[in-house]
1. Ranking request for peptides 101-107, 340-346, 46-52: highest mean number of other beta-carbon atoms within 10 Å first, then the rest in descending order.
2. Enumerate the calculated ³J(HN,Hα) couplings along region 9-25 in order (Karplus 6.51 cos²θ - 1.76 cosθ + 1.60, θ = phi - 60°), each rounded to whole Hz, writing x wherever the residue is Gly or Pro.
3. What does the accessible area per residue of the chain come to in Å², with a 1.4 Å probe and no ligands, DNA or RNA counted?
4. Per DSSP H run of at least 4 residues, take -39500 (n - 2.57); add these up for the chain, divide by its residues and hand me the 222 nm value, nearest 500 deg cm²/dmol.
5. If you take the Cα atoms of region 13-96, find Rg, then find the Kirkwood Rh from the mean of 1/r over all pairs, what is Rg/Rh?
6. Given Cα pairs under 8 Å that are at least 6 residues apart, what percent is the relative contact order of region 1-104?
7. Give, to the nearest whole percent, the P(r) tail of region 149-258 beyond 18 angstrom, counting all Cα pairs.
8. With charges only on Cβ, +1 for K and R and -1 for D and E, what is the dipole size of region 184-336 about its Cα centre, in debye, rounded to 20?
Amino acid sequence: MRPLLLVGAGHAHVALVAHAAALRDAGFDIQLVDPGSFWYGGAPARLMRGELGRDALRLPLRAFCKANDVRYRCDRALGLDARHRRLWLASGQMQTFDTISLNVGQETPFDDTNVAGSGLQLWRASATYELVQFVQALSERQGGGRVQRIAVYGDGPRATEIVAGLVNGPWRDHLRISWFLPGTRPLPGAPWRVNRRVMALQARHALELIVNTRLSGVEEGAVCSSDGRRFGADHVVIAAGAGAARFAHAAELPAESDGLSVSRRLHSPTDTRIYAAGGCAAMIGRDMMRFSEACEQAQVLARNIVAGARRRPFKSYRPGRAGHVVDMGDGTAIGWRGRLWWQGAGLARRRLRRDAEWLALIARFNGHD
């Protein structure tokens, strides 16, 4: 059997485990390496509204892997020697492999060195378990009478859904929300009418929108921008500036700042047995990899890992074919594909059906740690 290592339990690898039978039939012995649980990150607006909690979003990996006949190792990968097919772990052990796939997510470069003494609480939007803790903190302090100052930094669908969930959540009257955009649009790349619809949140909910501002660090009771301005805050949600986890650059393979370089077939351009997906992958000449397309990425990974073993034609992944859908937090959603856009409750129901598949999977393993 050929050792196949899946490093990181991101959305693409969790979806890939569903193809374990086909991978075993191709002669692979599969092992998933990750230091913790999987957290579903596809419903930030509902999480911010308090609809989804820890039990609904957390999948225990050991039980999940056992049910799919995949070996699970609770450990963190530290180094990768692509040439000699070796992976070093935080436990001090080394694993050899024939084929490897990385799905280790992203890290934020935001300077948080002074957070401990600042009186602020910093939450990474890329880590769902931190958003769960953030919502719990808001809930616990709701009855204290003091308005909580929330700074959300970032643009794109995830930042938009976090803001939409907060302004439509049960504690909205106890929050003062400031949304910091690195540029001028909440959704770069979306049609202007879509951005105008999102920016209408400002007028309806007295949301403070601060454009062309890059946050660079924190001081006591405030966040600081790169041009020296200070903004008072109690909580800071970082939903921008994320780059691939440092491990994605550990193998001395072709890489960009966004992650390990991969072709449309999701393998390294210099090694067809090293794959990457999700936020740690940078597709050559294409848009960034989105976790909302994790199932599509998993299908391509499974097909091509098998194809590599059996010397069959590879399949290409084409991002963005389904378009983008953003939950507006009020029972409606807005979506676009190229210059076409649409909105309404029907689109929100479609989005809920996608979430329901993941949440049903997690519910099957609740209490099976």
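1. Descending mean neighbour count gives 101-107, 46-52, 340-346.
2. 9, x, 4, 5, 6, 4, 5, 5, 4, 5, 9, 4, 4, 5, 5, 5, 4
3. On the way: 16810 Å² over 369 residues.
Dividing the accessible area of the chain by its residue count gives 46 Å².
4. Details: 10 runs with 104 residues, N = 369.
About -8500 deg cm²/dmol.
5. Details: Rg = 15.7 Å, Rh = 14.8 Å.
So for region 13-96, dividing Rg by the Kirkwood Rh gives 1.06.
6. Values: 170 pairs, mean separation 38.7, N = 104.
Taking the mean separation of contacting Cα pairs over the length of region 1-104, I get 37 percent.
7. Values: 3192 of 5995 pairs.
Of all Cα-Cα distances in region 149-258, 53 percent exceed 18 Å.
8. Values: 21 positive and 14 negative charges, 210 e Å.
Dipole size: approximately 1020 debye.
The values are calculated or read from the model by the stated rules, or taken from the named source; none is laboratory data. Since we're looking at a predicted model, the values are computed, not measured. Cβ atoms come from the backbone with ideal geometry, glycine included; neighbour counts cover every protein chain shown. Please note that ligands, DNA and RNA were not included when accessible areas were found on the heavy atoms of the full protein model with its side chains. Shrake-Rupley method; radii C 1.70, N 1.55, O 1.52, S 1.80 Å.
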